[in-house]
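Below: one structure, written as structure tokens.
The values are calculated or read from the model by the stated rules, or taken from the named source; none is laboratory data. Since the structure is predicted, the reported quantities are computational estimates derived from the model, not experimental observations. Neighbour counts are summed over all protein chains in view; Cβ atoms, including those assigned to glycine, are modelled from backbone coordinates with ideal geometry.
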Amino acid sequence: MKTKKLLITIFGLLAIAAMLVACAPAAEEAAPAEEETMEEEAMEEEVMEEEVMEEPLYIPVISKGFQHAFWLAVEKGAEQAAADYGVTITFEGPETEAQVDKQMDMLQAAIDKNPVGICFAAVDSKAAVPLLEQADEKGIIIVGFDSGVDSDVPLATAATDNIAAAALAADKMVELIGGAGEVAVIAHDNTSRTGIDRVDGFVGQVDAEYPDVTVVDVQYGAGDHLKSTDLAKAIIQANPDLKGFFGANEGSIIGVLNAATELGRDDLVIIGYDSGQQQIAAIKSGQEDGAITQNPIGIGYKCVEAVVKAYNGETLDEFIDTGFMWFDADNIDDPDIVAVLYE
């Protein structure tokens, strides 16, 4: 009897041992399977992180308009910076520089996309301030270009020193009219920083430095050459002793040139701003005495570059001076001038 119980006990222990042996490989196999799954998940996370890191920064560039070739040159510079720094940009603007509401819609749409930064050239230096503050609250980097805003939200503005440039235009005007006489100005607007500064720079220089010269009229043609033509004709007809005319942007100076041609006033000293095909031809022919050229490609390049630098933690200069030069028939073919002109 005792022998039978002993045998039953031995067989029971053997059965349990056999079961343990059978289960052991399954447990050993499960462990590598779990490790393999964890490794695959870790690899997937790394791939996702790399994809996020490799996605290029997006920077909308919003200009004042597209009615002048100037903005196409700015776009060219912005695209070059995007290529050099490996970022993605879009470039847009209203059809004319008078469409403030349309530009505000574009700015709002850009903010809604939550880009890393926005390059912005304001049609109206005050109208955009609330939207720029909204962008700032969302952590979007704002860099102005060409025409700044009356706000400290932009970290920097890439632009011409328009007051100094227009003052140089005034100096040239006074020299060419013989130091005394009446002159007039057609500008694009009195709402954008460029419009305000160019008029202030020209008129301020005349008032401060040349007591024998009088600015008889300043008018604003919205950068439209047809409207500027009509305004310039009215000024010329109302001031028969007028000696000189300053056009403060491409559309304005084309209007002045058209008016002088239509009224037969080839005796007028005409000074412009920017370039463009018609203005270049007028300077080469002698109808226009000279102009101030900006560096539009440099303006576009520097604004995109500034956003990238700010994103990378670099400190920006508040004003990024992109420079200006005087050109006339004597130096229009110089390499340094040719490099910044556009048609």
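At a glance:
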{"item": "Subset of region 86-118 [in a loop (DSSP other than H, G, I, E, B) and of a type in the set (A, V, I, L, M)]", "result": "87, 98, 116"}
{"item": "Subset of region 76-99 (residues that are closer than 26 Å to residue 252 by Cα, aliphatic (A, V, I, L, M) and modelled with pLDDT of 95 or more)", "result": "78"}
{"item": "Some residue of region 301-308 being modelled with pLDDT of 95 or more, among the aromatic types (Phe, Trp, Tyr) and farther than 26 Å from residue 62 by Cβ", "result": "no"}
{"item": "Residue selected from region 148-166 under the condition of a type in the set (Gly, Ala, Ser) and at pLDDT below 95, by the criterion surrounded by the most Cβ atoms within 10 Å (Cβ to Cβ)", "result": "148"}
{"item": "Output for region 62-86, where each listed residue is over 20 Å from residue 138 (Cα atoms) and touching a strand residue (DSSP E or B) at 6+ places or on another chain (Cβ under 9 Å)", "result": "63, 66, 71, 74, 75, 78, 79, 81, 82"}
{"item": "Pairs with Cβ under 6 Å, 6+ apart, first in region 284-304 and at positive phi, second crowded, with 24+ Cβ neighbours inside 10 Å", "result": "290/271"}
{"item": "Subset tally (residues that are over 26 Å from residue 266 (Cβ atoms) and free of Cβ contacts under 8 Å to residues at least 60 places away in the same chain) for region 206-243", "result": "4"}
{"item": "Single unsatisfied condition, residue 131 versus (1) crowded, with 18+ Cβ neighbours inside 10 Å; (2) under 16 Å from the mean Cα position of the chain (by Cα)", "result": "(2)"}
{"item": "Residues being over 16 Å from residue 274 (Cα atoms), buried (at least 18 other Cβ atoms within 10 Å of the Cβ) and either out of contact with any Gly (no Cβ under 6 Å at 6 or more places or on another chain) or of a type in the set (Ser, Thr, Tyr) (or both) - total across region 167-180", "result": "1"}
{"item": "Criterion violated by residue 159 - all others in (1) within 30 Å of residue 216 (Cα to Cα); (2) out of contact with any strand residue (DSSP E or B) (no Cβ under 7 Å at 6 or more places or on another chain) satisfied", "result": "(2)"}
{"item": "Test: residue in region 239-254 that is of a type in the set (Val, Ile, Thr), buried (at least 16 other Cβ atoms within 10 Å of the Cβ) and outside the structural domain of residue 67 (by TED's automatic domain parsing)", "result": "yes"}
{"item": "Residue that is surrounded by the most Cβ atoms within 10 Å (Cβ to Cβ) [pool: residues in region 196-228 that are in contact with a His (Cβ under 7 Å, 6 or more places away or on another chain) and at pLDDT 95 or above]", "result": "221"}
{"item": "Which listed residue is among the hydrophobic types (A, V, I, L, M, F, W, C) and at positive phi, from 222, 248, 238, 208", "result": "222"}
